Amino acid sequence: MMGKKCIGSKVIWALLFAGGLNWGLVGAFKFNLVNAIFGGWAWLEMLIYILVGLAAIASLFHCKCKVCKGEMPVTK
Ligand SMILES: [Zn+2]
């Protein structure tokens, strides 16, 4: 479903997944996973929310690299 993606695209996808999952947990169980894990470091918790926001913006723009365009095999 995801196809071949570069590391950057995978990181963005992972951040969006984590952010979406966290919102789901907050809505369903009033449980903030990010706060539970990183609540002890307020700046780190805030940084994660900002990164998720940036990932959402970045996901609007399709990555133009060769891996994402299918011109290069994915190396692991
Ligand atoms: Zn890419």
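Has region 42-54 got any residue that is part of a loop (DSSP other than H, G, I, E, B) and hydrophobic (A, V, I, L, M, F, W, C)? I'd like the intermediate steps shown before the answer.
Initial filter on region 42-54 (part of a loop (DSSP other than H, G, I, E, B)): none.
No: zero hits.
Does region 18-53 hold any residues that are of a type in the set (A, V, I, L, M) and either touching a residue at least 12 places away in the same chain (Cβ under 8 Å) or surrounded by 14 or more Cβ atoms within 10 Å (Cβ to Cβ) (or both), and which are they? Steps first, answer last, please.
Restricting attention to region 18-53, the residues satisfying the condition of being of a type in the set (A, V, I, L, M) are 18, 21, 25-26, 28, 33-34, 36-37, 42, 44, 46-48, 50-52.
Of everything in region 18-53, those that are of a type in the set (A, V, I, L, M) and either touching a residue at least 12 places away in the same chain (Cβ under 8 Å) or surrounded by 14 or more Cβ atoms within 10 Å (Cβ to Cβ) (or both) turn out to be Ala18, Leu21, Leu25, Val26, Leu33, Val34, Ile48, Leu51, Val52.
Going residue by residue through region 1-17, is there one that turns out to be part of a loop (DSSP other than H, G, I, E, B), away from the ligand (no atom under 14 Å from the Cβ) and either under 29 Å from Cys68 (Cα atoms) or touching a residue at least 40 places away in the same chain (Cβ under 8 Å) (or both)? It would help to see each step written out before you state the result.
Step one: list which residues in region 1-17 are part of a loop (DSSP other than H, G, I, E, B), which gives 1-6.
This time we only want the ones that are away from the ligand (no atom under 14 Å from the Cβ), so: 1.
Next, from what is left, pick out any that are either under 29 Å from Cys68 (Cα atoms) or touching a residue at least 40 places away in the same chain (Cβ under 8 Å) (or both): 1.
Among the residues of region 1-17, at least one is part of a loop (DSSP other than H, G, I, E, B), away from the ligand (no atom under 14 Å from the Cβ) and either under 29 Å from Cys68 (Cα atoms) or touching a residue at least 40 places away in the same chain (Cβ under 8 Å) (or both), which makes the answer yes.
In region 18-64, what count of residues is obtained for those that are among the charged types (D, E, K, R) and away from the ligand (no atom under 14 Å from the Cβ)? It would help to see each step written out before you state the result.
The first filter runs over region 18-64 and keeps only residues among the charged types (D, E, K, R), leaving 30, 45, 64.
Filter again for away from the ligand (no atom under 14 Å from the Cβ), leaving 30, 45.
So the answer is 2.
Going by what's in this entry, would Val67 be described as at pLDDT below 95, assigned to a helix (DSSP H, G or I), within 15 Å of the ligand (Cβ to nearest atom) and surrounded by 13 or more Cβ atoms within 10 Å (Cβ to Cβ)? Break it down into steps so the answer makes sense when it comes.
On the way: at pLDDT below 95: yes; assigned to a helix (DSSP H, G or I): no; within 15 Å of the ligand (Cβ to nearest atom): yes; surrounded by 13 or more Cβ atoms within 10 Å (Cβ to Cβ): yes.
Taking the combined requirement at face value, the residue does not satisfy it.
The values are calculated or read from the model by the stated rules, or taken from the named source; none is laboratory data. From a predicted model like this one, the values you see are computed outputs, not experimental measurements. All Cβ positions, even for glycine, are placed from backbone atoms using ideal geometry, and neighbour counts span all protein chains on display.
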